[in-house]
Amino acid sequence: MKFFIDLVGWIGSVEVIAAYGLNSYQRIKSDSIVFQILNFTGAIFLILNTIYYHAYPSAFINVVWVIIAAVAIGRMIMKRKLN
């Protein structure tokens, strides 16, 4: 189980860093679905890892991260439906 949790944590870290890096180097935009999905799934994976290790402050920030990404994704979906 520990190996799986560690792997999930590493994948989540890579996803969040990839989103930030790709956005910083203008490869993707912050209003793109790819950016938001990388942040959403990366934060979910990090939540699993941080809760397993009882790192609750880190879990909290990732819960907020998920909420922000989920709202952004929801808005993107609604905008596409209206157009």
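For the stretch 1-78, trypsin sites (Lys or Arg not before Pro) meeting the loop criterion (DSSP other than H, G, I, E, B) and having at most 12 other Cβ atoms within 10 Å: R27, K29. Here the dipole of the chain is about 380 debye; that uses its Cα centre as origin and unit charges on the Cβ of Lys and Arg (positive) and Asp and Glu (negative). Report the chymotrypsin sites (Phe, Trp or Tyr not before Pro) located in the chain that are in a DSSP loop and have at most 15 other Cβ atoms inside 10 Å of their Cβ, or state none. Counting only loop positions with at most 15 other Cβ atoms within 10 Å, the chymotrypsin sites (Phe, Trp or Tyr not before Pro) in the chain are Y25, Y53. Dividing the helix sum by the residues of the chain, where each DSSP H run of 4 or more adds -39500 (n - 2.57), gives a mean residue ellipticity at 222 nm of -29500 deg cm²/dmol. Volume per residue of the convex hull around the Cα atoms, evaluated for the chain, comes out as 79 Å³.
All of the numbers you see were taken from the coordinates with simple rules; none came from a lab. Here the structure is a predicted model, which means the values were calculated and not measured. A quick note on method: Cβ atoms are made from the backbone with ideal geometry, for glycine too, and the neighbour counts reach across all protein chains shown.
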